[in-house]
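Below: the structure, in structure tokens.
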């Protein structure tokens, strides 16, 4: 496979992994700053993550083997760009744009265009910030190359080129200017003035909360399993590492305990808190109602999924039934609401009892 394609796939893969890790915090922050979750904005942030990874993969990778490294030179001649362009015109005439030297300059400009674009669209920052960040990021990359990845190699394995610094910065500025074409209401990340206004609890919002619970519990399980395996390895328990049952048991138990404590203490799961919904009221004592909310929600799924054999299939059926009931029950309360007799409401209604009735979401 072509090296450039491999680096691109690596950037996308790393971006997706980081995106999964940051998904729940992103949803929670979105509901608190913008009043809801916008798919479009999430996609743009995802693209920004992939872009950041691409900067790393395309400028520093692949790392050469120390035994095969060939020390690279340094170019600090700021007039070299003009010389390259003149040479291209002499060699190609009217077709100078296809000259390798010109193409290299254009690619260096294009590489940083997304930086300026994202700074304005996501951060609300203009040309000056794009200029400063462009110089800083490009300079960091060039110095990293010059120092052999900060001493990892005995010398630079790629040329330190001031041309790259100039063209990268130009790209960042151009990207910032191009982002002016995006309507102002879609630029920046201010806290919307009506972000605290209660919104209707839609099916999508409920499913998003369930997804947050599922992703967060999966990430926690994986983290605990890896941590336990590492501890066992450091303790020299090779047999336990190979068996893996101890790590799997602890990895399954920790999320169950965490979600149980969170639900009993606050009345909501991590996913509920992320999308700002709560189960309230009902005829049962608060403690019992909260326990039923846990058992008939993410807690029940985690317990069933942790059991051996056919219980995994039962957990899958439980998940499907839970999703179906979101669509068929009043106020989208699903199985937890049916079991506890509670109603589902926007958490912001509980914070402001006299708030205005729920209105349409302004999240983008």
Problem set entry | Förster radius 45 Å - calculated FRET efficiency between residue 29 and residue 71, Cβ distance, rounded to 0.05 | 0.50
For this session: Round to the nearest 10 and give me the degree value, 0 to 90, for the angle of helix 162-178's Cα axis relative to the longest principal axis of the chain.
Result: 50 degrees
Exercise. Expressed in nm to one decimal, what extension gain is obtained for the pair residue 234 and residue 150 from 0.36 nm per residue of sequence separation less their Cα-Cα distance?
Worked result: 27.3 nm
Problem set entry | Choice from 52, 275, 43 with maximal GNM fluctuation in the chain (Cα, 10 Å cutoff) | 43
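Taking neighbour Cβ counts within 10 Å as the exposure measure, how do 238, 196, 67 sort from fewest upward? It would help to have the intermediate numbers written out before the result.
Details: 238 10, 196 14, 67 5.
Lowest to highest Cβ neighbour count: 67, 238, 196.
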Seminar exercise, completed: If one compares the long axis through the Cα atoms of helix 245-266 with the longest principal axis of the Cα atoms of the chain, the angle in degrees, nearest 10, works out at 70 degrees
Seminar exercise, completed: Quick note on 155, 212, ordering by fewest other C-beta atoms within 10 Å, gives 155, 212
Problem set entry | Residues residue 104 and residue 143, FRET efficiency given R0 of 22 Å [Cβ-Cβ distance, rounded to 0.05] | 0.65
Seminar exercise, completed: Ranked by GNM mean-square fluctuation in the chain (Cα springs under 10 Å), the top entry among 209, 175, 151 is 151
Exercise. Given only helices, namely DSSP H runs of n ≥ 4 each adding -39500 (n - 2.57), what is the per-residue ellipticity at 222 nm of the chain, to the nearest 500 deg cm²/dmol?
Worked result: -22000 deg cm²/dmol
For this session: Mind sorting 218, 45 by how few other Cβ atoms lie within 10 Å of their own Cβ, fewest first?
Result: 218, 45
Seminar exercise, completed: The helix 39-60 Cα axis meets the longest alpha-carbon principal axis of the chain at an angle in degrees, between 0 and 90 and rounded to 10, of 40 degrees
Problem set entry | the stretch 1-71 versus the stretch 111-128: alpha-carbon centroid distance in Å | 16 Å
Problem set entry | Under 18 Å from the residue 328 label point (7 Å along Cα→beta-carbon), backbone N, the stretch 201-222 | 203-204, 207
Exercise. Tell me, what is the percent relative contact order of the chain, built from C-alpha pairs under 8 Å that lie six or more residues apart?
Worked result: 20 percent
For this session: Output the peptides 329-341, 8-20 sorted from most to least packed, where packing is the average of other Cβ atoms within 10 Å over each peptide's residues.
Result: 329-341, 8-20
Exercise. Comparing 117, 160, 37, which has the greatest mean-square fluctuation in the GNM of the chain with Cα pairs linked when under 10 Å apart?
Worked result: 160
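No lab work stands behind these numbers, since they all come straight from the coordinates. Worth saying up front: this structure is predicted, and the values here are computed from it rather than measured. So basically every Cβ, Gly included, is an ideal-geometry build from the backbone, and we count neighbours across all protein chains shown.
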